[in-house]
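Right, one structure below, let's go through it.
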Amino acid sequence: MARLLITPGAMEPAAPDAGVEARTDGPARRSGRRWVVLLVAGWLCQAGLRAWFSRMQVMPLANPDETAYLIAARVLAGGPDADLSGSTLYPGGYPLLITPVYWFTSNPATVYHAVMMINAAISAAIMPLGYLARRRLGLDRLAAYGVATVAALVPAGFFYSQYAMTDAVFPVVTLAWLLATHSWLTASSARGRYAAAGSALLAGFAYMIHSRGLVLLAGYAAVGAFIAWRRPAARGSVAAAALIALGVAGAAWRLNHYLSSAMYPEGARSLSGQMASSLHSVQGTIHVFEMAAGQMWRLVLDSWGIAGIGLVAALAVVVRRGVRTDLRIMAGLAVAVTAIIACTAPAALPSDQSQTWASGRYLDGMIISFFLAGAVVLLRAGLRPILGCAFGTAVLFVVAAVMVAVYAGSSLPTSGFGSAFNFAEPAVLTQDWTHASVLLASAVTLGLLACWVALALAARRWRAVIPVFGVCVAAVSVVAVAQMTSQVSQASTVQAQAVNVPMGADGVRPGEQVAVSSDVGWQAWVPLAYQVSWTELQFFNPASQPPPTGVTVVEMPWPGGQPAQASWPHAPAGWRVAASNQAGSWVLWRKALRAKGLTG
């Protein structure tokens, strides 16, 4: 995109890939091998950094999402399920990635740490994929390596690796899909065009891991239709890609159906039904577009303004004449996917979820993709294109910020795990972990955008400024991730430990059969369903029912203002309080098993 902004009539292909150069002669081959080693080293450093930041994570925090994914992986490995009826059906693609952990251990803490390592390894792939993407946009190897390294540190592609959620891997899948699709578009031989299989697999897998993948799959279908129309010789590859994509999508449907029958026996929340309800009227449609503006506000804010430049540059490529067809298609595809996700994500969520107003999670994959494009514009484009993209970004950003302030309020809540998790970047920019001012967060973002533009323009005269530019952007991202980890992940771990019933001698012992009072909220029993990895939880109403047969441990809610003993006033003989936590609002009762010499 940057190349087209520099030279409007440029039609030459991007710089050759390392593999092409490596075949020219001996020195080039050795150079190619060195860069492969450097890419592996960069990936390892990124994976290690992610593993280090997640080292304090010991349990699911983003519930019910994390727990649902983890239990789904346990079910796929042949373990016990849990009844999550009425909740959202979480697709089976991500659980499929982490299922192998359960082949070796079922210990909840060990499983969770292993999942963090898997997340780190996959999430770190943003770095080598970003390198390949920037090489195709004309950056030299060193600049592409630097941009990819910095992009991999942006919180949208880093922070969520600390959680057992699809968001940990979705940016990688999105970026890989865009690269593979571009490879298909630019294939010059029959053999190369059948590389469409890779892009088809990625499009189908995106759908398998999250409902947002359906947007990617639809965009991929549009690209396939264009190729079949404009390139008759490539229709064979289009047919093969269609079969693969449909096959993977069908496998995803069957996988979700299996998990639904195991974990949602009474049905799951319908996202399509919620979307239809949100869009049932003109007022509802307007409301959804207002929330979509909040998503776009976060796309710019969460990238410190750089993804906004990439988005505006992509729009310019779409409407500008003399642009290579493949670049125009990819730019249009990226913009369309972004716009559709921004509209459908908030429409599919319940109206009482505040994060639908201005969440950055749902566009995380596109934030990284447009960040890479924006960085290339800043490094390669001329004065007028840079200023034009920056001005366009500022205008769109201010309009979106005004809509957020008018319809969501002048400040966003950032206290408590849920709010801090969804509005962490605004909290970092405002340094307010109670209520983040929309005006202040927007002003700081515009200030950062001005700094990047100034550094980029200075680099035109003094090349030594380029490393300074990269270091500054990376520093902002690392500081943001560090604060988000401290204020969200680590702080909430302490609170979650109070809510969670401990395992072992002081809580639920391995092998015990556990029942939960129907009065216990999902915030308490959903994490317990993950911790009790050897059996499925049972539920009963203690006011009118005895504990289920064979149950030896029961969790009750803490009776407000009364001692723990009052949590089960009609407890059967032989049951006594084994543990309790007023802060976590739970009381654990255990039945004495004298036949085995146990007193509880």
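For the range 366-388, name all the residues that are open to solvent by less than 10 Å² (accessible area, probe 1.4 Å) and not small (Gly, Ala, Ser). Hits for the range 366-388 are Met366, Ile367, Ile368, Phe370, Phe371, Leu372, Val376, Val377, Leu378, Ile386.
From the list Pro155, Pro108, the one residue that fits, being in contact with a helix residue (DSSP H, G or I) (Cβ under 6 Å, 6 or more places away or on another chain), at pLDDT below 95 and not basic (Lys, Arg), is Pro108. Of all the listed residues (Met366, Met403), the sole one being modelled with pLDDT of 90 or more and over 21 Å from Ser477 (Cα atoms) is Met403. Only a single item in (1) free of Cβ contacts under 8 Å to residues at least 24 places away in the same chain; (2) touching a Gly at 6+ places or on another chain (Cβ under 9 Å); (3) under 24 Å from Leu412 (Cβ atoms) is not met by Ser277, and it is number (3).
Residues in the range 177-207 that are buried (at least 22 other Cβ atoms within 10 Å of the Cβ) and either under 30 Å from Gly48 (Cβ atoms) or among the small types (Gly, Ala, Ser) (or both): 10 in all.
Residues are listed down the side, and each one gets a yes or a no for (1) within 30 Å of Glu536 (Cα to Cα); (2) surrounded by fewer than 18 Cβ atoms within 10 Å (Cβ to Cβ); (3) in contact with a strand residue (DSSP E or B) (Cβ under 8 Å, 6 or more places away or on another chain):
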{"residue": "His257", "(1), (2), (3)": "yes, yes, no"}
{"residue": "Gln274", "(1), (2), (3)": "yes, yes, no"}
{"residue": "Ser277", "(1), (2), (3)": "no, yes, no"}
{"residue": "Ala293", "(1), (2), (3)": "no, no, no"}
{"residue": "Ala307", "(1), (2), (3)": "no, no, no"}
{"residue": "Ala313", "(1), (2), (3)": "no, no, no"}
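When the range 153-167 is filtered for residues that are under 17 Å from Met56 (Cβ atoms) and among the small types (Gly, Ala, Ser), the ones remaining, listed by number, are Ser161, Ala164. Residues that are within 30 Å of Ala240 (Cα to Cα) and either in a loop (DSSP other than H, G, I, E, B) or among the charged types (D, E, K, R) (or both) within the range 133-181 comprise Arg134, Arg135, Arg136, Leu137, Asp167, Val169, listed in sequence order. Taken over the range 553-582, the criterion of being in contact with a helix residue (DSSP H, G or I) (Cβ under 8 Å, 6 or more places away or on another chain) and of a type in the set (Val, Ile, Thr) is satisfied by Val577 alone. Would you please name the residue that is farthest from Asp65 (Cα to Cα), looking only at residues in the range 524-577 that are open to solvent by 20 Å² or more (accessible area, probe 1.4 Å) and among the charged types (D, E, K, R)? Result: Arg576. Against the numbered list (1) open to solvent by 30 Å² or more (accessible area, probe 1.4 Å); (2) more than 24 Å from Gly365 (Cα to Cα); (3) assigned to a helix (DSSP H, G or I), Leu246 comes up short only at (2).
Residues Ser237, Ser272: which one is more than 15 Å from Pro91 (Cβ to Cβ), touching a residue at least 24 places away in the same chain (Cβ under 8 Å), of a type in the set (Ser, Thr, Tyr) and assigned to a helix (DSSP H, G or I)? When all the criteria are applied, what remains is Ser237. For the condition at pLDDT below 95, out of contact with any strand residue (DSSP E or B) (no Cβ under 8 Å at 6 or more places or on another chain) and assigned to a helix (DSSP H, G or I), Val20 qualifies.
The values are calculated or read from the model by the stated rules, or taken from the named source; none is laboratory data. Source: prediction; values computed, not measured. Glycine also receives a Cβ, built like all others from the backbone with ideal geometry; neighbour counts cover every protein chain displayed. Side chains included, ligands, DNA and RNA excluded: accessible areas come from the protein's heavy atoms. Shrake-Rupley method; radii C 1.70, N 1.55, O 1.52, S 1.80 Å.
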